[in-house]
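Accompanying notes for the structure given below.
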Amino acid sequence: MDVITAVVPEQRVTGEVRGAERVPHVPGFARRAAAGAGASPRERGRELRERVPRSSHARQDPVADRPDAVRAVEESNFGRVPELTPIRVGRMAASPFAFLRGSAGLMAQDLVGTPVTGIAAQICGDAHAANFGLYGDARGRLVMDLNDFDETVVGPWEWDLKRLATSLVLAGREVGASEEVCRAAAFDTVGAYRRTMRLLARLPAADAWNAIADEELVSHADAHDLLGILEKVSAKARNNTSARFATRSTEAVADAEGGGRRFVDAPPVLRRVPDAEAARVAASLGAYLETVSE
């Protein structure tokens, strides 16, 4: 994993007072206009399209002071556990797709020089193809979601989409797919994103907020050649619950008051934190919480 250090404009929640009502506004979301006043969201979208046409995304201007790949990896290793760094570098060196997976920060620096509409969102920051998974929830339902959000940041939505499309091209090349197939995968991805956003825009806010990519949506995927694989993955995902993970990756602590579990010691990838180090981490949480907005 890598940490995105690209600077994006600070986002603030502002508000307008209309009579006795305070209407909040979050950057990236359309303002609530009075009846008959102002441009509609569709009109604003057309204005953005004219200002930032799709053809403009074919251009990538060089970014000043952008580090080369080797220096970027070395800088991203700062602060990591030294004995694990060679494992990370070895994994990244395996293929272009593997390198992309471990260099979210470097790609973010490249994307700083690309056109954006100016609409911000809480982006994943590391939306590559291998960062999506199928899971069985507590009710036995199959859901699809991102694996983690450890690079999440408020930024241009275009960055997530471009990283995802790029990752599909590199993943396709890694498994021997033709360039035509790789390009089609990227094309289908951005098309699906556009159609989904259009659908969500038509839903009530609560329905859009709670929309989940579940088993029904996955079963309707236009991937007839992959149905057998999807069935196997789905069956495995149903068992990929938090309870199963806890059973596999943790062990009971016999002398713990009231019982308890701890992660299995599996160095060098997973090691038990010494008591002194755990105490330092716990002591630092107070200062960390002061940096988190309510």
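Throughout, read-outs are computed from the coordinates displayed, never taken from laboratory work. Here the structure is a predicted model, which is why all the values come from computation and not from measurement. In this analysis, Cβ positions are derived from the backbone assuming ideal geometry, glycine residues included, and neighbour counts consider all displayed protein chains.
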Within 14 Å, Cβ to Cβ, of Ser95, how many net charges do the neighbouring residues add up to if Lys/Arg are +1 and Asp/Glu are -1? +2
If each residue's Cβ is checked for other Cβ atoms within 10 Å, how do Asp265, Asp150 rank with the fewest at the top? Asp265, Asp150
Stokes-Einstein diffusion coefficient of region 136-194, Kirkwood radius over Cα pairs, 4 °C, 1.567 mPa s, in µm²/s: 96 µm²/s
Between Thr250 and residues 5 or more places away or on another chain, which pairs have amide H atoms under 5 Å apart, with H built 1.01 Å from N, and which residues are they? Val264
Sort Arg91, Arg101 so the one with the fewest other Cβ atoms within 10 Å of its own Cβ comes first. Arg91, Arg101
Candidate cut points under chymotrypsin sites (Phe, Trp or Tyr not before Pro) in region 108-195, DSSP loop plus at most 14 other Cβ atoms within 10 Å of their own Cβ, are Phe149
If you rank His57, His128 by fewest surrounding Cβ atoms within 10 Å, what's the result? His57, His128
At q = 0.18, 0.34 Å⁻¹, what log₁₀ I(q)/I(0) does region 251-294 have when each alpha carbon counts as one equal point scatterer in the Debye sum? -0.77, -1.07
For region 88-243, restrict the atom set to alpha-carbon positions and state the Rg and Dmax in Å. 16.5, 47
For Ala213, distant residues with modelled amide H under 5 Å away: Met144
